[in-house]
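Report on the structure given below.
The values are calculated or read from the model by the stated rules, or taken from the named source; none is laboratory data. On a predicted model such as this, the values are computed, not experimentally measured, just so you know. Positions of Cβ are backbone-derived with ideal geometry, glycine not excepted, and every protein chain shown enters the neighbour counts. SASA here: full protein model, heavy atoms, side chains in, ligands and nucleic acids out. Shrake-Rupley method; radii C 1.70, N 1.55, O 1.52, S 1.80 Å.
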Amino acid sequence: MTAAEYKARVADARKIVFFGGAGVSTESGIPDFRSVDGLYSRKYTVPPETVLSAEYFYSHTEEFYKFYFDKMIFRDAVPNAAHIKLAEWEMEGKLLAVVTQNIDGLHRAAGSKNVFELHGTVESNRCLRCGKRFGLNDVIRFAPNVPICDCGGIIKPDVVLYGESLPEAAVNGAAEAISDADLLIIGGTSLTVYPAAGFVGYFRGGADNIIVINITELSGFKNSLIGKIGELL
């Protein structure tokens, strides 16, 4: 697909849904997970997949939070060109929704309103004892220690850990938006993380109306642009 063909598709579309992954935020300085330089490619005493599991959170809470604050929180990160463009499309009435696997909250920071965060967000946290809600600024003041509520309960981030189910509201909203879209743009994802990657199957607009923007080509898709999403979107 040429850049001109892509721009024409976007211009004609009226109900775009964007489905994105970690590659959307790498241009904001947030590393991805599965690339050569990604988080999962580095050497750790305990593998990140283990640390970021519900079982590890409850059994090794102190170790979880040391890793979480050090490797998962990026307070200096700001929305990049891709986040901003999507927010502009929503304001123009062209974009139905953003469906994201990212937990960094940058889509909302850029101004997007209809965002379905399939894996939750670091911006939201809750006490496991009393249910009180906390923002990210409330919990990072405890770093690198375990955040504790006034009631004495442990505060847990509203991110989906391995072994946990995706949030029902995000699942239902994402499925409905994708099924109603006339153009689905997939960006910055390897589509290897399930069940999130399976949401592409809800699209009913046909293969010709799916466009992939990625630094590497994804097999099975006919319309692709290769490169940085912030430059191509």
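The table below gives the values:
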read-out: Matching residues, the range 195-205, being open to solvent by less than 60 Å² (accessible area, probe 1.4 Å) and modelled with pLDDT of 95 or more; value: PHE203
read-out: Elements of type helices (runs of 4 or more DSSP H) contained in the range 1-111, each with 1 or more residues being more than 26 Å from PRO147 (Cβ to Cβ); value: 3-12, 81-92, 106-110
read-out: Any hit, the range 114-135, residues being touching a residue at least 60 places away in the same chain (Cβ under 8 Å) and more than 25 Å from LEU232 (Cβ to Cβ); value: no
read-out: Matching entry among ILE155, ILE185 (being of a type outside the set (Phe, Trp, Tyr) and in contact with a Cys (Cβ under 8 Å, 6 or more places away or on another chain)); value: ILE155
read-out: Candidates LYS43, LYS132, LYS71, LYS66 - the one that is under 20 Å from LYS156 (Cβ atoms) and at pLDDT below 95; value: LYS71
read-out: Residues (of a type in the set (S, T, N, Q) and either in a loop (DSSP other than H, G, I, E, B) or under 19 Å from TYR65 (Cα atoms) (or both)) located in the range 127-175; value: ASN137, ASN145, SER165
read-out: When residues of the range 218-227 are limited to those that are over 15 Å from TYR6 (Cβ atoms) and either out of contact with any strand residue (DSSP E or B) (no Cβ under 7 Å at 6 or more places or on another chain) or free of Cβ contacts under 8 Å to residues at least 24 places away in the same chain (or both), the one surrounded by the fewest Cβ atoms within 10 Å (Cβ to Cβ); value: SER219
